[in-house]
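One structure is given below, encoded as structure tokens.
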Amino acid sequence: VTTLVKTSPPPPLVALLTDFGTRDWYVACLKGVILRICPRAHLLDITHDVPPYDIVGGAFTLAAAAPWLPLGTVCVCVVDPGVGTARRILAAHADGRTFIGPDNGLLSLVLARATQRRIVHVTNRAYWLPQVSRTFHGRDIMGPVAAHVARGVPLSRLGPTISRYTALPLPPLKRTSTTVTASVGYIDRFGNLITTLPAEQLVPGARVTYKGRRCRVVSAYGAGKAGELIAVAGSTGYIEVAVRNGSAATRCRARVGDRLVMA
Amino acid sequence: VTTLVKTSPPPPLVALLTDFGTRDWYVACLKGVILRICPRAHLLDITHDVPPYDIVGGAFTLAAAAPWLPLGTVCVCVVDPGVGTARRILAAHADGRTFIGPDNGLLSLVLARATQRRIVHVTNRAYWLPQVSRTFHGRDIMGPVAAHVARGVPLSRLGPTISRYTALPLPPLKRTSTTVTASVGYIDRFGNLITTLPAEQLVPGARVTYKGRRCRVVSAYGAGKAGELIAVAGSTGYIEVAVRNGSAATRCRARVGDRLVMA
Amino acid sequence: VTTLVKTSPPPPLVALLTDFGTRDWYVACLKGVILRICPRAHLLDITHDVPPYDIVGGAFTLAAAAPWLPLGTVCVCVVDPGVGTARRILAAHADGRTFIGPDNGLLSLVLARATQRRIVHVTNRAYWLPQVSRTFHGRDIMGPVAAHVARGVPLSRLGPTISRYTALPLPPLKRTSTTVTASVGYIDRFGNLITTLPAEQLVPGARVTYKGRRCRVVSAYGAGKAGELIAVAGSTGYIEVAVRNGSAATRCRARVGDRLVMA
């Protein structure tokens, strides 16, 4: 008997990334709607603390989290300042996971990195709530669609396949014969500056400079001296500027977009 | 075999709303106690970020979330500055969900809106922890009671039925022959001002004024111009004052209780 | 059929305590890795809001939460400023639960209080991710190990048994013939000062003084008068200094380590 029960599949996993915050009722509405449609779903919060309307920050966070989620995860992604206007809603398979969100760049980093992807424009109202507001499509469209996908509805039923989507205007790496110039892409809660320079490009003898300050290249945060600015190959796959047991962001008044030079 | 397994009921859903914050151990204690009694429960956080002791804010949040939760959900609601004093603890069925919380107004908005309700005064210690502190009834009484209800214990076993409960002193709408005066009931994390004026009362040609400033009536946040104060029918069912991609709260130094006039 | 299904064991419970915050992707990575290894796990957040690198605060929070978690819970605990350096990783059974974390004091309060414990040094890479970074051992080692333990891997497979571990330098109680001097061990979100004085040592006629101010001994927060400093036997098992519906921390500019005297 035990064997029979154990062969049942694990619960479908629905992950959520929003800028709703955790103080109001918006996350609960989204989750409630999902569970009404797919009562066995397991829900995993990626974050709800994307700064309001910060599509770039949300896109970066989603792309950093996605590779670590189980295959088959359905992600509902809602940073959606254009809710109720003409912007499209997308559903996409990318490298074994499914992403649902507005076509405003939020999904674009995940999609750009995927080796396999398929994207549809969500138009079939059969999988939306019967009543759709013009101010909360997370609850009325994206959550319900995610729940139906978690129950097994294929993307082909949601709307027509498309090939183009909105990308983000991110600054590319600049290379000269002796230097690479990257930028700060994200600042995390520890005050680590996560740059756009891929970790595998950090060569052992490299000279790394951030805002005119030399950063010693080390291999772990704890290898820094007290107060010293260091550069490490971070767990997200990019070079980070950090201070051991401290905040590089506070120390350097860092901002997203600041330049980093490797020579 | 698969069919057999699929017929098992989905896990009971226990939702939580508190002012405990997420930084200390209080939420974990509450959840741990619930799972010890009902190990299959799925737990859903409505929020733990109700400002400390803010019964009105908690009541508003609960009433906004409740209609979207699956039928059968058991909600534990703990904003309880009077813990350990003579205030009662209530358990109530309201429109297909169950709510457990102190009788201080926290449940009153949900109860007032319910078309069907039944309320009991929680007195039967058989469903409490054996040891009850005087400082944490969420952990010692309300959580355990919720877990037993999630396992199927009927309300009638918890204590005697009552008909009266503590209501909140909320300002009603004021009407003249040409105007309706409402107030700001809640300010959300986006800085949207959620008023007490039901959305269905917003007539197309209406003139909406907040703190002496005209708010243009539009149908979506994104229809506002940059920096413009707008009034929209919000997803919670009330008129909201908002700024596209910005914060009406910051712009107008808004406070709960501020007046809004529709003419 | 229903009976058969009901006899299946409840899902394994994995609890998490970190200083990752909830804004970035770190928690999602940790959870994703756990669910890839143990897809049926139920995940319970103790907190992710331990202040960055605050090992003492994390240890206090873990010790306060642990007794209330169901027996069998596996706790992943990551406040790990020494990640990538020589500090060890521990896995420990203590009073029916399992704790996995760095050997930097984080687990030491839980271990010190346990009546039964067994500790191993986690060295067997068979239960780690194949690739281990030097900056995120929560994701690459501790999360995977926790997931394997949740699936039933015994501690003996993780590495050698050890008997010593890093303890925290906490100030002990000081006693004279007429007084006991304790300190503030933790300040919670309500501004309650949780001291190191066990609640059972509060004698009815005791005179409690904090920073030169008398605290009236009462039995519930609500028994305080407006603005009055009170001392209560708190739900965590220690004497707390509090203000009814207010913050003792703000009122007294309290800090961890402040002294409290009972005479």
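The values are calculated or read from the model by the stated rules, or taken from the named source; none is laboratory data. Everything quoted here is computed from the prediction, not taken from an experiment. Positions of Cβ are generated from backbone atoms using ideal geometry, with glycine treated the same way; all protein chains shown enter the neighbour counts. Protein only, heavy atoms only, side chains kept; ligands, DNA and RNA dropped before computing areas. Shrake-Rupley method; radii C 1.70, N 1.55, O 1.52, S 1.80 Å.
Here are some notes:
- Theoretical ellipticity at 222 nm over the protein assembly as shown - DSSP helices of four or more residues, -39500 (n - 2.57) apiece, nearest 500: -4500 deg cm²/dmol
- In Hz, Karplus ³J(HN,Hα) per residue of segment B:28-39 (6.51, -1.76, 1.60; θ = phi - 60°; x = Gly, Pro): 5, 4, 4, 5, x, 5, 4, 6, 5, 8, 10, x
- Ascending list, in nanometres, of distances separating the residue A:87 label from those of the other copies (7 Å, Cα toward Cβ): 4.1, 4.1
- Global geometry of segment B:1-79, whether rounded, prolate or oblate, following the gyration tensor of its Cα atoms and the 1.5 cut on a/c: oblate
- Net charge, residue A:158 excluded, C-beta distance under 14 Å - Lys, Arg +1, Asp, Glu -1: +4
- FRET efficiency, 1/(1 + (r/R0)^6) with R0 35 Å, evaluated for residue A:163 and residue B:206 via beta carbons: 0.20
- Separation of alpha-carbon centers, segment A:114-128 and segment B:186-243, rounded to whole Å: 32 Å
- The same position residue C:198 in the other copies lies at 5.9, 5.9 nm from this copy, comparing label points 7 Å beyond Cα toward the beta-carbon, shortest first.
- Under 16 Å from the residue C:170 label point (7 Å along Cα→beta-carbon), backbone N, segment C:51-69: C:54-68
- Percent of Cα-Cα distances greater than 17 Å, calculated over segment C:154-205: 60 percent
- Counting only other chain Cβ atoms within 10 Å of each residue's Cβ, the peptide B:26-39 averages 6.
- Kirkwood Rh, Cα atoms: Rg over Rh of segment C:131-263: 1.18
- Distance distribution note for segment A:1-142: the fraction of Cα pairs above 19 angstrom is 51%.
- The rule of thumb for compact globular proteins, 2.2 N^0.38 Å, goes into the C-alpha radius of gyration of the protein assembly as shown 0.97 times.
- Starting from the label point of residue A:130 at 7 Å along Cα→Cβ, the same points in the other copies fall at 5.1, 5.1 nm, in ascending order.
- At an R0 of 22 angstrom, the distance between the Cβ atoms of residue A:71 and residue A:156 translates into a FRET efficiency of 0.65.
- Probe 1.4 Å, all protein chains present, accessible-area order of A:240, B:200, C:228, largest first: B:200, C:228, A:240
- In order along segment B:138-146, the phi-based Karplus estimate (6.51 cos²θ - 1.76 cosθ + 1.60, θ = phi - 60°) of 3J(HN,Hα) comes to x, 6, 8, 10, 5, x, x, 4, 4 Hz; Gly and Pro are listed as x.
- Bins of 10 Å, starting at 0 and running to the largest distance - Cα pair percent for segment C:138-183: 19, 26, 20, 17, 16, 2
- For the peptide B:147-153, the mean number of other protein chain Cβ atoms found within 10 angstrom of a residue's Cβ is 0.
- For segment B:110-171, alpha-carbon Rg and Dmax in angstrom: 13.4, 42
- Peptide A:198-206 shows a mean partner chain C-beta count of 0 within 10 Å per residue C-beta.
- Segment C:70-109: translational diffusion in µm²/s, Stokes-Einstein, Kirkwood Rh over Cα pairs, 37 °C, 0.692 mPa s: 310 µm²/s
- 3J(HN,Hα) from dihedral phi, segment C:236-243, Karplus parametrisation 6.51/-1.76/1.60, rounded to Hz, x for glycine, proline: 8, x, 10, 5, 10, 9, 8, 10
- In units of the rule-of-thumb radius 2.2 N^0.38 Å, chain C shows an alpha carbon radius of gyration of 1.13.
- Cα Rg, Dmax, segment C:39-104, angstrom units: 12.2, 33
- Diffusion coefficient, µm² s⁻¹, Stokes-Einstein with Kirkwood Rh over alpha-carbon pairs of segment A:75-149 at 37 °C and 0.692 mPa s: 264 µm²/s
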